[in-house]
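Undergrad: Okay, handing you the structure first.
The values are calculated or read from the model by the stated rules, or taken from the named source; none is laboratory data. This is a predicted model, so every value here is computed, not measured. Note: ideal-geometry Cβ built from the backbone for every residue, glycine included; neighbour counts use all protein chains shown. Accessible surface areas use protein heavy atoms only, side chains included; no ligands, DNA or RNA. Shrake-Rupley method; radii C 1.70, N 1.55, O 1.52, S 1.80 Å.
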Amino acid sequence: MEQQQPAWKAGEAKGQTQEKAGHAVEGVKETARQTGDKASQATEAARCKGQEAKEHAGSQATAAKEKTGGAFETAKEKALGAAGATRDKAGQIAESGKETTLAGKDKAGGVLQQTGEQLKGAAQGATDAVKSAFGMGEDKKE
């Protein structure tokens, strides 16, 4: 009966370690999913703002053309300048969204690596506990 006790404890330790590992992995998956969702939302918002700015610049150019009549060339030059600035700004916004996405991806990768290392440590602890329970540990006295 006494020999069954260490085996039972080792099995219990293994089960607890597996459960904790499962919870840790699920937490990492959820964090990665949320990070990806936020990055996608930021990218979409940047794209929408760029499109709105482009449309706004186009409507401003049309309005200027209709109002000025004789000063069409001046209005056209201003509109083209505004469109160029808007295009540049939209590009900056899109680049910022891309950087946010990449930062989120890098962060998720770091979290996954850290969790993997924690799981490795927990597994090693469980292995040591099993070895110790069966008298196979390095601290064995002869």
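Undergrad: What are the residue pairs meeting all of these: first residue in segment 118-135, first residue more than 25 Å from Glu26 (Cα to Cα), second residue open to solvent by 80 Å² or more (accessible area, probe 1.4 Å) and assigned to a helix (DSSP H, G or I), Cβ atoms under 7 Å, and 6 or more apart or on different chains?
TA: These pairs meet every condition: Ala133/Lys9.
Undergrad: Which condition breaks for Ala45 when tested against (1) open to solvent by less than 50 Å² (accessible area, probe 1.4 Å); (2) over 30 Å from Gln5 (Cβ atoms); (3) at pLDDT below 80; (4) not β-branched (Val, Ile, Thr)?
TA: Here Ala45 clears every test but (3).
Undergrad: Does Gly97 satisfy being out of contact with any helix residue (DSSP H, G or I) (no Cβ under 9 Å at 6 or more places or on another chain) and either open to solvent by less than 40 Å² (accessible area, probe 1.4 Å) or within 30 Å of Ala129 (Cα to Cα) (or both)?
TA: no
Undergrad: If I ask for residues that are at pLDDT 75 or above and over 18 Å from Ala53 (Cα atoms), which ones from segment 65-97 would you list?
TA: Hits for segment 65-97: nothing passes.
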